[in-house]
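In what follows, a structure is listed as structure tokens, so that the remarks can point back to it.
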Amino acid sequence: MCSKRKTCHGGPSQQEQGSPAIANEVFVIDEEVSHLTRLKSEPSERTRACLHAGKSHISTFKLLSSRESNRSGFGRFSSADCSYALRKHLPVRGPWCVDSMDCAAYISQFSSDGSLLIAGFRGGRIRFYNADKKWKIHKDINCKSLRWTVSDIALSPDQQYLAYSSLTPTVHIVNVQNALKQSHANITDIHEGLNFSAADDESSFGIFSIKFSKDGHELVVGNSNESICIYDLGANKVTERIHAHVADVNAVTFADESSDVLYSGSDDSLCKVWDRRCHKSAKPVGVLAGHLDGVTFIDSRGDGHYFISNCKDQTIKLWDIRKLSSATKDCTPKAYEWDYRWMTYPSEARFLKHSYDQSLATFRGHSVLRTLIRCYFSPMHRLSKLVF
């Protein structure tokens, strides 16, 4: 998860070296004040006057209609109008505790239909919670052959099998729909191991990202060996290996139902697009630059065009692969030397921009610290939103 590449830039600023906790606290306070301000925002006086709304509530439909017809003469929403429209959609409740364990939760995700929440813990446990039954535990899994933590989990499209990985070359698969609530690896349940190492591998490696193909016939992984591997579950072997990046591959996923196109993201700061139908699969069909640090996660919209990526530069970016470049790009040097696992992000670096940013949009306001924070599109019927 930590980049192998060396950086040649200086460390944190003198202010942060003197008091990094204070710098981080100021940022947290600013974010909290900003959030509370949006929740209590009202439309601008210009907007209220043109709608003759007085102090009454203005619906989002009226706001949009007014903007499109330019009734205010301003031509667009003011900042106050934007905040007023958004406040209905900002979270105001929670968080609340679903479960308490004696070890840290490293990863969690919902099933595609939202009925199950799956969480992986550093203590070698994975738990399924039933969202429709007040978060009752559906399955409690004791994992096998872990190194440090469960690094990623993937649920098969039919929700029959769970694949889990660790910082080893082996992915384990377990049936999560049998009658057993407790699943102890190879004691009460079979956790089949899939070996992703090659005979000529000089050393062991860890797996950071795993995904099922849409038909459930293949698994793709990204690893610390700077490569992408594809495992054919029917043939029970690795069928493709691609040396994809110059640093850890933290994220990889299939682009759509065809499983022909892959997206990958790495600690080298680049997102790449791979087409398995090309004869020269060792080379990407395109590269997307714009991040300033290691990419931690990628989620595809499923249409073969759009995906989002989360990054240690504290941003989420939206990409359209139709705007990618076929030219090979070098990784972007870090603007500041820091380690996301135990340091705060340098405040001076928060709004730096890439000189050749190809993304469609950039989202800020969250923190990527201590672990490889994920990001997801919301379910298919509400594709316009992001969750992380």
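The values are calculated or read from the model by the stated rules, or taken from the named source; none is laboratory data. Quick caveat: nothing in here was measured; it's all calculated off a predicted structure. Accessible surface areas use protein heavy atoms only, side chains included; no ligands, DNA or RNA. Shrake-Rupley method; radii C 1.70, N 1.55, O 1.52, S 1.80 Å.
Quick notes
- Accessible surface, 1.4 Å probe, highest first, among residues W135, W148, W96, W338: W96, W148, W135, W338
- Å² per residue, accessible surface of the range 105-387 at 1.4 Å: 43
- Whole-percent carbon and sulfur share, accessible surface of the range 200-337, 1.4 Å: 45
- Close amide H partners of N250, meaning residues 5 or more places away or on another chain with modelled amide H under 5 Å apart, are G265, S266, D267.
- Listed by chain and number, the aspartates and glutamates whose alpha-carbon sits under 17 Å from that of K55, ignoring those within fewer than 8 places in the same chain, are E42, E45, D81.
- Mean Cα-pair separation over length for the range 105-387, i.e. relative contact order, pairs under 8 Å, 6 or more apart, %: 10
- Backbone geometry of the range 128-144 corresponds, through the Karplus equation with coefficients 6.51, -1.76 and 1.60 at θ = phi - 60°, to 3J(HN,Hα) couplings of 9, 10, 8, 5, 7, 10, 6, 6, 5, 5, 8, 8, 10, 10, 9, 7, 10 Hz, x marking Gly and Pro.
- Restraint check, K312/K334; K88/K136; K272/K312; K62/K317, Cα-Cα greater than 21 Å: K88/K136; K62/K317
- Portion, in percent, of the accessible area of the range 140-192 that falls on carbon or sulfur, probe 1.4 Å: 53
- Working note: Karplus 6.51/-1.76/1.60 with θ = phi - 60° gives the range 167-177 the couplings 7, 9, x, 10, 10, 10, 10, 9, 6, 9, 10 Hz, where Gly and Pro are set to x.
- Amide H to amide H, with H built 1.01 Å from N, A185 comes under 5 Å of N142, counting only residues 5 or more places away or on other chains.
- Whole-Hz ³J(HN,Hα) from phi, Karplus 6.51 cos²θ - 1.76 cosθ + 1.60, for the range 204-220, glycine and proline x: 6, 9, x, 9, 9, 9, 9, 8, 7, 6, 5, 8, x, 8, 9, 10, 10
- Taken over the Cα atoms of the range 105-387, the convex hull encloses 139 Å³ per residue.
- To the nearest 10, the accessible area of R241 is 110 Å² with a 1.4 Å probe.
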